[in-house]
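**Student:** First the structure, which I've put down as structure tokens, then a few questions once you've had a look.
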Amino acid sequence: MYATIRRYEGVDQNRTSELTGKVNETLVPQLSKLPGFAGYYLIEAGNGVFSSLGLFETVEQSEESTKVAATWIRDEKFETVLPNAPKITSGKVVAHKNEVAVA
């Protein structure tokens, strides 16, 4: 399994509800249709910082998810909401354990 973490800084704090709503409505369905999709999480860290975690079976699938996310930002015209390119960390998951998800 491969993970991609994207850290977005300088997020427009007046539009975080709009952003999270659109992520759930349109981005998550797009990502979940990609081959190898294993999960997606969006984290609001506060102070204009959001991070996302995407999980896929292969490195190629994980890289494709980054392209999908970038296209989604353009398509949704969120360049002003997410004005800075994300800092991306990706690689092979070398340890994990799944528990019951907490909402």
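The values are calculated or read from the model by the stated rules, or taken from the named source; none is laboratory data. The structure displayed is predicted, hence computed values, not measured ones. No Cβ is skipped: glycine too gets one built from the backbone with ideal geometry, and neighbour counts run over all protein chains shown. The area values use the complete protein model at the heavy-atom level, side chains included, leaving out ligands, DNA and RNA. Shrake-Rupley method; radii C 1.70, N 1.55, O 1.52, S 1.80 Å.
**Student:** Out of everything in segment 47-70 that is of a type in the set (A, V, I, L, M, F, W, C) and open to solvent by less than 40 Å² (accessible area, probe 1.4 Å), what residue ends up being farthest from Glu9 (Cα to Cα)?
**Tutor:** Result: Phe56.
**Student:** Under 7 Å between Cβ atoms, which residue pairs at least 6 apart in sequence (or on different chains) link something in segment 49-62 that is touching a residue at least 40 places away in the same chain (Cβ under 8 Å) with a partner that is of a type in the set (Lys, Arg) and open to solvent by less than 10 Å² (accessible area, probe 1.4 Å)?
**Tutor:** Ser51/Arg6; Ser52/Arg6
**Student:** So which of Ile73, Ile5 ends up being open to solvent by less than 70 Å² (accessible area, probe 1.4 Å) and β-branched (Val, Ile, Thr)?
**Tutor:** Result: Ile73 is the single residue among Ile73, Ile5 that is open to solvent by less than 70 Å² (accessible area, probe 1.4 Å) and β-branched (Val, Ile, Thr).
**Student:** Please go through segment 28-46 and give me each residue that is without any contact (Cβ under 8 Å) to a residue 12 or more places away in the chain and open to solvent by 40 Å² or more (accessible area, probe 1.4 Å), ordered by number. Please lay out each step first, then the result.
**Tutor:** Step one: of segment 28-46, the residues without any contact (Cβ under 8 Å) to a residue 12 or more places away in the chain are 29, 32-33, 43, 45-46.
Those that are without any contact (Cβ under 8 Å) to a residue 12 or more places away in the chain and open to solvent by 40 Å² or more (accessible area, probe 1.4 Å): Pro29, Ser32, Lys33, Ile43, Ala45.
**Student:** For segment 76-86, which positions are surrounded by fewer than 16 Cβ atoms within 10 Å (Cβ to Cβ) and either closer than 22 Å to Ala38 by Cβ or aliphatic (A, V, I, L, M) (or both)?
**Tutor:** Ala85, the sole residue that qualifies.
**Student:** Give the residues of segment 28-40 that are within 11 Å of the chain's Cα centre (by Cα), assigned to a strand (DSSP E or B) and not small (Gly, Ala, Ser), sorted by residue number.
**Tutor:** Of everything in segment 28-40, just one residue is within 11 Å of the chain's Cα centre (by Cα), assigned to a strand (DSSP E or B) and not small (Gly, Ala, Ser), namely Tyr40.
**Student:** Okay, next question. Look through segment 41-97, keep the residues that are in a strand (DSSP E or B) and among the aromatic types (Phe, Trp, Tyr), and return whichever of them is farthest from the chain's Cα centre (by Cα).
**Tutor:** That would be Phe56.
**Student:** Separate question: Is it the case that segment 18-25 has a residue that's surrounded by 17 or more Cβ atoms within 10 Å (Cβ to Cβ), under 13 Å from the mean Cα position of the chain (by Cα) and β-branched (Val, Ile, Thr)?
**Tutor:** yes
**Student:** If you don't mind, there's one more thing I want to ask. I'd like to know if segment 12-27 contains one or more residues that are in a strand (DSSP E or B), among the acidic types (Asp, Glu) and touching a residue at least 12 places away in the same chain (Cβ under 8 Å).
**Tutor:** Restricting attention to segment 12-27, the residues satisfying the condition of being in a strand (DSSP E or B) are none.
Checked segment 12-27: no residue is in a strand (DSSP E or B), among the acidic types (Asp, Glu) and touching a residue at least 12 places away in the same chain (Cβ under 8 Å).
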